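Report on the structure given below.
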Amino acid sequence: MKVHNFNAGPSVLPKEVIRKSVQSIIDFNNSGLSLLEISHRSIDFLEIIEKTTYLVKRVMNLNDDYSILFLQGGATLQFSMVPYNLMKKVAAYLDTGFWANNAIKEAKKFGKVKILFSGKEKKYTYISKNYEVPYNVDYFHCTSNNTIIGTQMKIFPKTSVPIVCDMSSDIFSRNLDFKQFGLIYASAQKNISTAGMTIVIVKKNILGKMKRKIPSYMNYKIHIKNGSILNTPNVFSIYTSMLTLEWIEKKGGISVLEKKNEYKAKLLYNEIDKNNCFENKIHQDDRSNMNVSFFLKDMNLKNEFNKMWKKENIIGLDGHRFLGGYRASIYNALPLKSVKFLIEVMKEFERKFSS
Ligand code: PMP
């Protein structure tokens, strides 16, 4: 059955990645074993993790100043792992939404948090560019894409302190100068892999400055030393990361995907802006190219719109439970034709219900 999958995550994956990962479960590299049956310390798996590490660096144009880790515990664990490893006394955070807020809550358990900007009063519909990162904080933390509300940082501050960025919902979707970051983390699954794995990209020279004792699993340096196999890793998710990265390269890399993502987002925002039935509440400059949130102007039409898109095999368009409305997540693997299809449904809705 043809479905149009706008889920926010886990979400649509490239068909090729699904096909190859299914094959690896049945018979991994003609070995007679399933990928699920091999040891995480086997040569076969070490080759997978090595290749995945290499591909992350190549796709992001990073050198050996950076270590790449594949951990568990989601982005949620990173909310405390980051301050555990990096916060001596004080860190600066941007409060740009639900996930940023969760990161702040955890950081407060380790020291003082300076909030440089909070979008709370304006319901997180914009991201300020008018803040300065103090030179004397241990690091600056931001969330590049706010999955729930649908905002995205387009510029990052110039600062001498390490920039730590939660890229869970827009990693590998656009080309940035990744060398400006001290640490990037992104949990799966949106633009990469299958759930149960978090990629951490860390500049080695920002580590090891902390006096506090850090439990082994929470310690980046120990994971680096053990090549992400301190304990049993999520072999399957790391393998599907490798497949997704191969797919990204086959598509031409993140700069090509960025153009495609911009185009898909532009089409959809244009439709929302001109359609009499819908509105988007995000400041123009801060609109996300990954998660497009929108609302009905007339909430009395909710049942009619829901009936219409559900009948057309559109999946996952409901807004986040904290926000309501609608959200179309249009990650790398979502085809342009799904966006065009949704636009046609919205146009049809306008023809029928616009007053
Ligand atoms: N940060 C962002 C930006 C997210 O979108 C999410 C949800 N996927 C999280 C953090 C939390 O991730 P996890 O469920 O892996 O802990």
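By average Cβ neighbour count within 10 Å, what is the ranking of 49-55, 25-31 from highest down?
Highest to lowest by the protection proxy: 49-55, 25-31.
Mind listing the long-range amide H neighbours of ARG327? Cut-off is under 5 Å, sequence gap 5 or more, other chains count too, H placed in the peptide plane at 1.01 Å from N.
PHE294, ASP318, GLY319
Using only the alpha-carbon atoms, what does the range 253-353 span along each of its principal axes? Please give whole angstrom values in decreasing order.
Result, largest extent first: 43, 28, 26 Å.
Per 5 Å bin from zero, what fraction in whole % of the C-alpha pairs of the range 1-115 is there, up to the bin with the longest pair?
Per 5 Å bin, starting at zero, the Cα-Cα P(r) for the range 1-115 comes out as 2, 9, 11, 13, 15, 16, 14, 10, 6, 3, 1, 0 percent.
What does the C-alpha gyration tensor say about the overall shape of the range 15-250? Classify as rounded when a/c is under 1.5, otherwise prolate if a/b is larger than b/c, or oblate. Don't skip to the end; give the middle numbers.
Values: a/c = 2.14, a/b = 1.61, b/c = 1.33.
In terms of gyration-tensor shape, prolate.
Taking Cα pairs under 8 Å and at least six residues apart, what relative contact order does the range 55-157 come out at, in percent?
Averaging sequence separation for qualifying contacts and normalising by length gives 27 percent for the range 55-157.
Using Cα pairs under 8 angstrom and six or more residues apart, how large is the relative contact order of the range 15-250, in percent?
The value is 26 percent.
With just the Cα atoms defining each centre, how far is the range 317-335 from the range 201-255? Give it in Å.
The range 317-335 and the range 201-255 have Cα centres spaced 28 Å from each other.
Using Cα pairs closer than 8 Å and at least 6 residues apart in sequence, work out the relative contact order for the range 253-353, in percent.
The normalised contact order for the range 253-353 reaches 32 percent.
Based on the Cα coordinates of the range 208-305, what is the per residue volume of their convex hull in Å³?
Output value, Cα hull per residue: 246 Å³.
All of the numbers you see were taken from the coordinates with simple rules; none came from a lab. Bear in mind the structure is a predicted one, so any value in this text is a computation, not a measurement. Cβ: placed from backbone, ideal geometry, glycine included. Neighbour counts: every protein chain shown.
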